[in-house]
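Structure, as structure tokens:
Taken together, the values in this text are just the output of simple stated rules run on the coordinates, not laboratory data. Worth saying up front: this structure is predicted, and the values here are computed from it rather than measured. All Cβ positions, glycine included, derive from the backbone under ideal geometry; neighbour counts span all protein chains shown.
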Amino acid sequence: MKTAHSRYLEEIEVKMKKLINSLASLALALGATLAVADNHSAPSSPVGMVYGMNVSDPQAFASAMGKYWSSPTGKKIPGVAILRQVVAAGESPISHMVSVLHPSYEAMDAAFAINATSDDWATLLAELNGVSELISSSMFEGTGLGSTANQIGAGPSVANLYVLISVSNPAKYAEAWQKMITS
């Protein structure tokens with residue numbers, strides 16, 4: 001016989017799977033669009049923001065994100081959000097990370113402008129404020145470094161390891177990184 005708590009956890013799991021499937025579909029649709037509409041003469045690096053959150057109510061958090069991305073404003077945003085649960089954060093209180101990825105700086109600026117006057121965005125922020133606390137935020141730019149030949153990271157139940165570092169010599173770091181991943 002299932003307890004109320006186990007039923008609650010199953011409901012959260014179902015909702016998270018739906019959210020992940022929706023976000024994956026959005027990412028695939030965005031990728032297909034960019035592959036066709038990209039200006040191939042100018043190299044494009046994805047850019048975005050990543051937010052480390054301490055979430056007290058994951059179900060409400062995921063619901064608020066889904067509501068926003070389904071809203072008229074969310075549908076206009078030239079980007080995709082990825083919600084990840086943190087399973088080991090050491091001494092950090094971060095329980096979830098949200099990455100918002102855009103195809104270019106121009107697209108990210110457009111998203112900021114769209115959100116600046118949006119009631120949907122204001123609603124999202126109010127709903128998230130009630131169930132989470134922002135611990136960290138940072139901006140990122142794709143480096144083009146890495147390997148996707150083995151498709152690791154391209155399926156469900158994937159675990160990611162993030163190591164945040166400060167690089168004093170980017171050129172030397174990039175060279176060493178490429179050497180390591182191709183060996």
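What is the sum of charges, Lys and Arg at +1 and Asp and Glu at -1, for the other residues whose Cβ falls under 14 Å from the Cβ of L128? Summing Lys/Arg as +1 and Asp/Glu as -1 gives -3.
For the listed peptides 60-70, 126-136, a ranking on the average number of other beta carbons within 10 Å per residue, highest first, reads 60-70, 126-136. Applied to segment 172-182, the Karplus parametrisation 6.51 cos²θ - 1.76 cosθ + 1.60 on θ = phi - 60° returns per-residue 3J(HN,Hα) values of 5, 4, 4, 4, 5, 4, 4, 4, 5, 6, 9 Hz, with x for Gly and Pro.
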